[in-house]
Each structure stands twice: as structure tokens, then as C-alpha cells.
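Heads up: the structure comes next, in C-alpha cells.
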Amino acid sequence: MKLLCLSPSLPHIKPELLAEIAQALHADGSRLLILAQPPAQHAQVFSYGLQPRSAMPIEKNLLWQDLFHHQTTTTASQPLAGVYPIDRIWEHPILAPLSIAFATAGIQSLLILPLRHNQQCIGCLTLFRSSASIPWTDQELELARSLAIDMHLAVMQQQVEQMCRDRAYYDILTGLPHRLLLDRWLSLSLAKMPTEGKILAVIFINLDRFKNINDSLGHKFGDRLLQLIAARLKQVVDDTAILGRWSGDEFVLLIPELSHITTVQAVADRVLNCFDLPFVFEQSFQILTTNSLYIKVRMGIAIATGSDCDSELLIQQADIALDRSKNHGKNNYEIYAPITTHPPTDRLRLEHILDRAIVDGQLFLHYQPQIDIQTGAIIGIEALLRCQDNHAKTINPADFIPIAEESGSIIQIGEWVIRTACQQSQLWQEMGLGNFPVAVNLSVKQLQDRNLIDIISEILAETRVSPATLEVEITESIAIKDLDQTIAILESLREIGVKISLDDFGTGYSSLAALKYLPLDRLKIDRSFIRELKINTVDASIVNTIINLGHELNLNVVAEGVETIEQFELLRSINCDAVQGFFFSRPVTAPDLETMIATGSYWHQNLAHPHNLLSH
Ligand code: C2E
Ligand code: MG
Ligand code: MG
């Protein structure tokens, strides 16, 4: 019985609907509460027939509140999911505050139907009976459940339609729906999803370096760019998809009712392709030498396969996927896969592994050389952490370091990294391989740990490594978190003679002025700038500027992620000091690195003829 799904405009027929529902369920009265939602600031109540004589809405009672917030209650039994019958209401202490209200109206039993989907409750339908002699039958409860589902959908549909009509839910700049409306739309689409056969996709589209554009070319220019992007995105999506602006430089696409994941990939490809052409600006915006600009995007995709998916979780997954897409470079997308994002159980398992990793010997280091761009000599070696799970599968630092940071185990793990790297460096020296500075990465938690300086001093003393052989790498975003504190710590490190590198430079939004105050020895240009490095590109001029800036500040400049001969040669032509990347060597185990060095440091010999390196 689908009483409500067909209802085109709920408000007008609510009283009739409530009457129909009451009659179908042999109740003497019914009542619909719609909780306050963004479109309507107040809760709304509609009623039919017999009602409790209470000045306060009955839904303020703890019993209803429990149902709204926790889904379960100890008072009401739940013979069917989402249906709560209560016979002989006077026997339930939680209803005592309402006993007079019910008694004076002659109400003896209730049937409560929260209108909810997953975690989100939008209201409640309550039915009243004056006679408790007949309990609610199974058939009635089954019917009540399907009515509640229909009612829930109808109310949501109505709210979304209302929001769609209201301009307040659209972004003024682009004319696209914004977050609040998208969120409701997503919840509605999920609730309407058939249990099998269809999927729904949420695609987050993030603009690359939009903040830089905004900062350097001005907000007016940035605003116009967003409008041009919105217009172009509109052209690539069809009517079934909903395009919106999620936040500053983030657009979102919701695609309901898809049959297969390949369709999602096809949409993602269409979105990527539409950024192949530059965005052309009107004459009045001609700030650059040209009036057009290329923009790159990254996308994070989450897929719901059944209506039991939660909108909040889905958004979270798309966000995680977006974050992960950074590892693939620009103009790329990542589809959320549970295995890569540690759902709670995986996460706990990983936390457990990390807690015991040192004792269980599941941590090890890989080493990647940094090469002097002119001489080919190794000027340093970066130690990169690896962790093995219980099945000897290697987990990437990007996946486990955030978890170790949250759980706090990063402090011990970080100490283990510094100690192991120093021991290794000492061993290499004893083996006569050379005295290479070894660089370790520091996490934000380590930098905030007031024992850091003592720990490092102890390790240096214990391993007999000279302080200048140890280098610490901190990322730009970590460094600026608490600039004063960072400066103080880095200065203490400097006092003991340890070298300091600023990692992933160019990815954070730190002001260049901050660079002036940090005591640094080296700047590492993030690999995202190197990835598409070609002569006469924007990236080439950015890299050139970073190198010049670094040199002006007396810093040694290293380019990360050098993979090709073209990148290498271009970096050499613009006076970069050193390079690190797969072109020379992937991060390898200590024995593999020793073999490479012992067998004649091929990068050294081949540097004069870098083309030879390609055969390796
Ligand atoms: P990072 O410090 O920027 O390290 C460089 C990353 O770039 C490494 O990834 C390395 O494998 C990768 N890489 C090097 N050359 C190339 C190349 O030519 N092409 C490409 N595509 N990639 C290249 P990895 O080992 O996965 O580490 C990722 C990040 O995890 C590191 O970035 C660092 O921030 C963090 N990390 C690694 N070890 C530690 C550690 O011991 N402690 C802390 N706190 N963080 C660590
Ligand atoms: Mg690093
Ligand atoms: Mg880096």
C-alpha cells in the first residue's frame, strides 16, 4: 500500500493522509512531527483524531528523544525494524510525565514510527488507541512500517523540493546548489535507492592550486574562473546528475541510479577531459600575458551500492579518495576502496600492529639517495619508513603514519626511525662506504614532543654519529602549524649541529616570509612540481623561482620525484643543486643501496652522459 509516494504536494493532503493512516491501522488518532530542518527553522506538527491533552509536544519526552537520537530504546519493544508499539502505556515509567495527558484523552496504547534512514531522523509518526485490549497485530505493524518508509520519503522529497525552489540554497557565484542542499539531496537519493542492482556515486572535484591563483591573480579573477569552470562542468554532466559547489575550490557531482561502475569512470573521464582546453577570460581580466589559463583537477569518488549507505560516510569516503588521488599527480581520480581507508575494524587492527610494530619487528627502513646534480656524488640519503602487516604485506607510510599520529605511537616509531637510521649510517661508515648524511622525516607529534631534543642527542651519543650527519625533514605544513614553537625547536636542533630540511616545499600555503625565520639548510621542492616539468611551462617558472629563492636564502635546493631525463636536464639547466627520484634510484633496502654504491655508483659515472642511465 503506497499511500504517500504519489503525493505531489504533501502539505495540502497531510490531514487526509493522517486520517487514512489512522483508519488503516485501526487507530483513533495520529500525529506527524517533522523535526526542524534547515528549510523550516521550527518543528512542524500535524494531527488527526484523538490527541493527548498536553501543552508540551509529547515528542519532548525522553522516549521519543531516545528514538530520534539512538534508534533503540529499552521501553518500547521493536518487533520489526523501525516500529515501536507500546501497549498499556501506564506501565512505562518513562511515560509518567505524560500520564495525565494520555489518561484525560483516554489514550491507552501507542505506535511510534520514527522517520529515519540510517543515522538521520527527520521526524516521527505516532498513532494513538483508546483501547489497549487489542495489541497491535503483526499485520498492522508490517503495514505501519511500510507507511513510515513512504512517509519518510515523501517528507524528504518535499523538503528537497522546497530547498530547490529557495535561492538561499544556491551558490550566488556559480548558481549551483551548495552544500546544504546537496547533502539533503544525497540523503534522499540514498533513501530512494533500490536494495539491489543500482549504485550511486559521489564525485568530489578539486581544483589544483586554486588558492595560489586566487592569491596571485586576485579574487575577482578567481571568481570568474569558478564561474567558467561551473559552466563547463554543467556541459559534461547530463540531467540525472546533480552538480554543486561544495566549498571554495571543490565541486561535487552526485550521480544516482547507475547500473555499473564503468559509467562512473566514464563520467570521471569526461570531467577530466573537459579540463584539457584552457579557460578563456574576457579582456577585462587580462592579467597574464595571455587571456587563457589551464587548470587541472583531482577527483575523489565514493560509491554507494545499497540504500544502507550513510550520506555522511559517503562524503567522508569521497574526501579520503580525493586525498589519496594526490599520490597520482594532477588530473587524476581515485575511487574509494575500503581496503585503502581502514574502516573501523581495519583501523583498529592497524593501530594494534603499529603499537606492537617495534617489538614485533614489523618496521623497516628503505633508503633513497640524493644526488649532486653536477658531480653525481651522493649528498645524502633519505630514510623512508615501511611497515609490514601480519601477512608480510608492506603498508605505505601515507596509510599508516596518520593513524600512528592519532594513536600516539608515532613518538616511539619516530624514535625507532631516528635510531635505526643513525645506526645504519654508522655501519656504512664502518664499512668504508662513506659518511653520508641521513635524513629522517619528522611528524608533527614529534615536533611537539618536548623530549625531542633529548632523544636526538641521546641517539647521536649512543650511535656515535656526528650531528652533522643527521638531517631532519619537516614538511612546510607541519612547520607553520605553530611557527614560534617550530622555530624554537629547530634552533635547538641547530645548536646541537643537526641539519634541517623543509620537505614538500610548495604544497602548503605558508607565506614565503615564514621561510625567512625558519633556520633551514635545505629546501626540497615537492614532486608535484617536477611531475610535469617541461620547458616554458608554469611549473618550470615556479621551480626556477623556488631555486632562486632558496639560493638567495643560502639554502641547498633538492628536487624530489625526478623520474625522467628531461626533468633532470631541465633542473640542471636552472641550477638546482641536487635531485632525488626514481630516475636515479627508488627507495631500496640498505643491502641493495650498499650494492649500488659498491658496484661503482652508476649515477656518478653516467652523469656526464645521463642518457646511459635509461638502460638501468
Ligand atoms: P617524503 O618525505 O616527501 O618522501 C618522498 C616520497 O616520494 C617517498 O614516498 C618516495 O618513495 C617517493 N618518491 C621518491 N622518488 C620518487 C619518484 O621519482 N617518483 C615518485 N612518484 N615518487 C617518488 P613514501 O616512501 O611512500 O613516503 C611518503 C611520505 O611518508 C614521505 O614523503 C614522508 O612524508 C612520510 N614518511 C616516510 N617515512 C617517514 C617517517 O619515518 N616518519 C614520518 N613522520 N613520515 C615519514
Ligand atoms: Mg621527506
Ligand atoms: Mg617530500
For the stretch 581-616, name all the residues that are polar (S, T, N, Q) and either modelled with pLDDT of 50 or more or surrounded by 11 or more Cβ atoms within 10 Å (Cβ to Cβ) (or both). Ser585, Thr589, Thr595, Thr599, Ser601, Gln605, Asn606, Asn612
Looking only at the stretch 264-284, count every residue that is of a type outside the set (A, V, I, L, M, F, W, C) and modelled with pLDDT of 85 or more and tell me the total. 6
Please work out which residue is surrounded by the fewest Cβ atoms within 10 Å (Cβ to Cβ), limiting yourself to the stretch 14-39 and to residues that are touching a residue at least 12 places away in the same chain (Cβ under 8 Å), of a type in the set (A, V, I, L, M) and not in a helix (DSSP H, G or I). Leu35
Taking Gln65 as the residue in question, decide whether it is within 21 Å of Glu91 (Cα to Cα) and assigned by TED's automatic domain parsing to the domain that holds Leu110. yes
Phe529 meets each of (1) within 16 Å of ligand 1 (Cβ to nearest atom); (2) modelled with pLDDT of 90 or more; (3) in contact with a helix residue (DSSP H, G or I) (Cβ under 8 Å, 6 or more places away or on another chain) with one exception, condition (2)
Of the residues that sit in the stretch 429-446 and are touching a Ser or Thr at 6+ places or on another chain (Cβ under 7 Å) and surrounded by 20 or more Cβ atoms within 10 Å (Cβ to Cβ), which one is farthest from Ile480 (Cα to Cα)? Phe436
Taking the stretch 495-514 and the residues there that are modelled with pLDDT of 80 or more and away from ligand 2 (no atom under 16 Å from the Cβ), the one that is farthest from Ile418 (Cα to Cα) would be Glu495
Considering the stretch 568-580 alone, what residues qualify as being open to solvent by 10 Å² or more (accessible area, probe 1.4 Å) and assigned to a helix (DSSP H, G or I)? Glu569, Leu570, Arg572, Ser573
Any idea which of Ile418, Ile410, Ile401, Ile395 is away from ligand 2 (no atom under 16 Å from the Cβ), buried (at least 17 other Cβ atoms within 10 Å of the Cβ) and among the aliphatic types (A, V, I, L, M)? Ile395
With criteria (1) assigned to a helix (DSSP H, G or I); (2) in contact with a helix residue (DSSP H, G or I) (Cβ under 8 Å, 6 or more places away or on another chain); (3) modelled with pLDDT under 90, Ile287 comes up short on (1)
Out of the residues in the stretch 532-545 meeting the condition of being open to solvent by 30 Å² or more (accessible area, probe 1.4 Å) and either free of Cβ contacts under 8 Å to residues at least 12 places away in the same chain or of a type outside the set (D, E, K, R) (or both), tell me which one is farthest from ligand 2 (Cβ to nearest atom). Asn536
Just wondering, is there one or more residues in the stretch 515-531 that are more than 14 Å from ligand 2 (Cβ to nearest atom), under 16 Å from Glu560 (Cα atoms) and open to solvent by 60 Å² or more (accessible area, probe 1.4 Å)? yes
Could you check the stretch 110-142 and list, in sequence order, the residues that are hydrophobic (A, V, I, L, M, F, W, C) and closer than 15 Å to Ala27 by Cβ? Leu110, Leu111, Ile112, Leu113, Cys124, Leu125, Leu127, Phe128, Ala132, Ile134, Trp136, Leu141
For Asp372, the lone unmet condition from (1) closer than 30 Å to Glu569 by Cα; (2) open to solvent by 20 Å² or more (accessible area, probe 1.4 Å); (3) touching a helix residue (DSSP H, G or I) at 6+ places or on another chain (Cβ under 8 Å) is (3)
If you go through the stretch 425-434 one residue at a time, do you hit one that is at pLDDT 95 or above and within 30 Å of the chain's Cα centre (by Cα)? no
Restricting attention to the stretch 474-490, does a residue exist that is open to solvent by 20 Å² or more (accessible area, probe 1.4 Å), closer than 17 Å to Arg419 by Cβ and more than 16 Å from ligand 3 (Cβ to nearest atom)? no
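The values are calculated or read from the model by the stated rules, or taken from the named source; none is laboratory data. Computed from a prediction, not measured in an experiment: that's the story for all the values here. Note that we place each Cβ from the backbone using ideal geometry, even for glycine, and neighbour counts take in every protein chain shown. Just the protein is used for accessible areas: all its heavy atoms, side chains included, with ligands, DNA and RNA removed. Shrake-Rupley method; radii C 1.70, N 1.55, O 1.52, S 1.80 Å.
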